[in-house]
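A.B. asks: This is the structure I want to talk about, given as structure tokens.
Each reported figure results from applying straightforward, stated rules to the coordinates on display, with no laboratory input. Being a predicted model, the structure only gives us computed values, none of them experimental. Positions of Cβ are backbone-derived with ideal geometry, glycine not excepted, and every protein chain shown enters the neighbour counts.
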Amino acid sequence: MQRVLVVDDNIDNVRSLALLFKVMGHHVDYAINAIVAVDMAARFKPDVVILDLLLPDGHGAQVCRQIRLNPELRSTRIYGITGSQKETDRERAMQAGCDDVLMKPVSPETFERVLAGETRSAQRDLGEN
């Protein structure tokens with residue numbers, strides 16, 4: 001069981017992902033904006049953060065960078081998710097410290113592999129783009 005923080009401004013996405021991760025047996029919390037996400041990460045101390053990169057109050061890269069500044073969260077794995085096809089969004093997130101960036105929609109199988117620690121290529125190995 002892992003502690004998973006879901007960050008997305010779309011409440012339906014947050015609820016769906018939270019339910020998915022709970023069904024998988026994980027402890028889940030969520031945030032719906034950048035400011036709350038950083039605070040929630042500090043309090044919740046997640047093992048994994050699933051982070052929407054295009055938040056209305058800031059780019060997910062900024063959230064990632066702020067989480068990475070917290071010494072208690074150095075081992076937290078952070079995965080950006082985006083529907084944007086812009087390579088600059090992916091590059092910005094990776095430079096900020098994301099472990100990987102996944103393209104929406106992300107399949108449950110990909111999330112299982114990500115939570116199992118199979119990073120970088122988990123999505124590509126399943127034939128997703």
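A.B. asks: From the residues L73, M1, P46, which one has its Cα farthest along the dipole of the chain in the positive direction, the dipole being from +1 and -1 charges on Cβ of Lys/Arg and Asp/Glu about the Cα centre?
C.D. replies: Projecting each Cα onto the dipole axis, the largest value belongs to L73.
A.B. asks: Where does the charge balance sit around N70 when Lys and Arg score +1, Asp and Glu -1, over other residues with C-beta under 12 Å from its C-beta? Could you put the intermediate results ahead of the total?
C.D. replies: On the way: positive: R43, K45, R65, R68, R74; negative: D39, E72.
Every neighbour counted, the sum reads +3.
A.B. asks: Please report the antiparallel percentage of the DSSP beta bridges confined to the chain, to the nearest 5. Display every interim value, and only then the final one.
C.D. replies: Working: 2 of 20 bridges.
Expressed as a percentage, antiparallel bridges in the chain total about 10.
A.B. asks: Pairs of Cα atoms under 8 Å, at least six residues apart: use those to get the relative contact order of the chain, whole percent. Mind dumping the intermediate values first?
C.D. replies: Numbers: 216 pairs, mean separation 26.1, N = 129.
Averaging sequence separation for qualifying contacts and normalising by length gives 20 percent for the chain.
A.B. asks: While we're here: Evaluate the charge dipole of the range 1-108 about its Cα centre and quote only its size in Debye, nearest 20, assuming +1 on the Cβ of each Lys and Arg and -1 on the Cβ of each Asp and Glu. If you can, show how the numbers build up before the last one.
C.D. replies: Numbers: 13 positive and 14 negative charges, 53 e Å.
Rounded to the nearest 20 debye, it is 260 debye.
A.B. asks: Taking one equal scatterer on every alpha-carbon of the chain, how large is log10 of I(q)/I(0) by Debye at q = 0.12 1/Å?
C.D. replies: Debye output, listed in q order: -0.37.
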